[in-house]
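These notes are about the structure you will find just below.
Please treat every number below as a calculation from the coordinates, not as lab data. Just so we're clear, the structure is a prediction, and the values are computed from it rather than from any experiment. Glycine gets a Cβ as well: all are built from the backbone with ideal geometry, and neighbour counts include every protein chain shown.
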């Protein structure tokens, strides 16, 4: 959606989920003067008339991804004003890599009173540059790659993030006429072009949603067929599930079948940037390992504040100890239903998965986190046979985080 700002024509984006974050990003674009409409899974965006370079504070502070639009706005208008971002409180995610990269391309950037002000001196185009990222940040890679598509000359991003979403964004930009090579590797080369044209593009399946459903099948000892998926995007997740004892069969180039495991075995997990084990799958796997035989260790090396779900899993009867960025998980014979609270997006998914496997009733709150990144997860689980429903009654008021947000009840 941020990339669509680079185009002055119509962008039709397909396979778009119904997410709170998509809606908020649409509100950010609308505030900039962009025409946005979302029907079924198709998002239509027309940024031919961007009326302002200043994004609204109250929206950007709720959605970290909206900050990534600074590269596109700056490339199109030569000036951008973007509040510092918000999102899940899972650790420090500074924007210094974005800022230094834009400065390398000739932008003047200042951060004052929580606002990142950037402009190109003289009102011209950004200049191609060689940029080395201290860490392979997905957000910085995407921001700078978008900015470079309309820059004057060649930009090389070294130590770039290699996530499939980076490659998908590059393919989207290339479909609009950009010249991006190497996306999906650690070195991305972008040759700037004067302008981009309209596009009709389908985005890739969500590998984290796919992984979440794989874990849902594993934790409930169920057989699940998933399609369409991209197995190559899930190599570390599939490998770890097989190591735990869960059979997974690739039935086709875009189809995976998960079979019930006879026994769940303990393992060691360390989160790493792609192609390592994804940090977004750490919480769901922690839920799964609570029922594995033996002692597992999970080392969260990407974000320093992403183990808060451990205490909530313990409310369900798990045996987890946290020390620093490591969680020590001793498998238990069973989990028991209890009221729990989601603290961030993936933690919320993990608690729902644990509730599916727990004996009795689990009441989960924190749906505003869950709905940010999962398209009607409860309805999809219901179609798979889960006993799950959203309810208006709040039986555990001490856990209420958002009075307008009904809890989910899960019974086994």
**Asked** For the Cα atoms of the chain, what angle does the longest principal axis make with the long axis of helix 138-149, in degrees from 0 to 90, nearest 10?
**Response** 30
**Asked** Based on DSSP H runs of at least 4 residues, each adding -39500 (n - 2.57), what is the mean residue ellipticity at 222 nm of the chain after dividing by all its residues, to the nearest 500 deg cm²/dmol?
**Response** -8500 deg cm²/dmol
**Message:** Sorted from largest to smallest, which semi-axis lengths in Å does the alpha carbon gyration tensor of the chain give for its equivalent ellipsoid, taking the root of 5 times each eigenvalue?
**Reply:** 38, 22, 20
**Request:** Can you figure out the FRET efficiency of residue 111 with residue 23, using R₀ = 30 Å and their beta-carbon distance, to the nearest 0.05?
**Result:** 0.65
**Request:** Project the alpha carbons of region 276-316 onto their principal axes and report the range along each, largest first, in whole Å.
**Result:** 25, 20, 14
**Message:** To test your reading of the geometry: what angle, between 0 and 90 degrees and rounded to tens, separates the Cα axis of helix 345-357 from the longest principal axis of the chain?
**Reply:** 20
**Request:** Give the relative contact order (percent, whole number) for region 3-202; include only Cα pairs under 8 Å separated by 6+ residues.
**Result:** 20
**Fill in**
Per its Cα gyration tensor (rounded if a/c is under 1.5, else prolate when a/b beats b/c, else oblate), region 313-380 is best filed as oblate
**Fill in**
Ordered by fewest other Cβ atoms within 10 Å, a rough proxy for footprinting exposure, 132, 374, 201 read 132, 201, 374
**Prompt:** Which residue, 102, 144, 18, tops the fluctuation ranking in a GNM of the chain built on C-alpha contacts under 10 Å?
**Reply:** 18
**Item:** Label-point separation, residue 314 to residue 186 (7 Å along Cα→Cβ), nm
**Value:** 3.8
**Request:** Let me see the pair-distance distribution of region 207-411: every alpha carbon pair, 10 Å bin width, integer percents in order.
**Result:** 9, 38, 39, 13, 1
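So in the chain, what percent of DSSP beta bridges are antiparallel if you round to the nearest 5?
Values: 52 of 72 bridges.
Roughly 70 percent of the DSSP beta bridges within the chain come out antiparallel.
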**Request:** Let me have the relative contact order for the chain, percent, based on Cα pairs under 8 Å that are six or more residues apart.
**Result:** 11
**Antiparallel bridges, percent of DSSP beta bridges restricted to region 3-202 (to nearest 5)** = 70
**Request:** For region 311-375 and region 139-182, write down the distance between their C-alpha centroids in whole Å.
**Result:** 36
**Fill in**
So, with points 7 Å from each Cα along the Cβ direction, the residue 57-residue 179 label distance in nm works out to 4.2
**Request:** Give me 163, 154, 112 ranked fewest to most by other Cβ atoms within 10 Å of their Cβ, as a rough exposure proxy.
**Result:** 112, 154, 163
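Quick one: compute a quarter of the convex hull surface over the Cα atoms of region 3-202 and quote it in nm². Working shown, then result.
On the way: hull surface 39.2 nm².
Mean orientational projected area (region 3-202, Cα hull): 9.8 nm².
Among 308, 321, which comes first, second and so on when ranked by fewest other beta-carbon atoms within 10 Å? Mind showing how you got there, number by number?
On the way: 308 16, 321 11.
Starting with the residue having the fewest Cβ neighbours, the order is 321, 308.
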**Request:** Round to the nearest 10 and give me the degree value, 0 to 90, for the angle of helix 20-31's Cα axis relative to the longest principal axis of the chain.
**Result:** 20
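Count the DSSP beta bridges whose two residues both fall in region 207-411, then state the antiparallel fraction as a percent rounded to the nearest 5. Write out the running numbers ahead of the final one.
Details: 25 of 34 bridges.
Once the DSSP bridges in region 207-411 are tallied, antiparallel ones form about 75 percent.
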**Asked** How big, on average over all directions, is the shadow cast by the Cα convex hull of region 152-208, in nm²?
**Response** 4.1
**Request:** At 0.36 nm per residue, minus the direct Cα-Cα distance, what do residue 321 and residue 257 gain on full extension? Give it in nm, one decimal, please.
**Result:** 19.8 nm
**Message:** Given contacts defined as C-alpha pairs under 8 Å and at least six residues apart, what's the relative contact order of region 216-311, whole-number percent?
**Reply:** 26
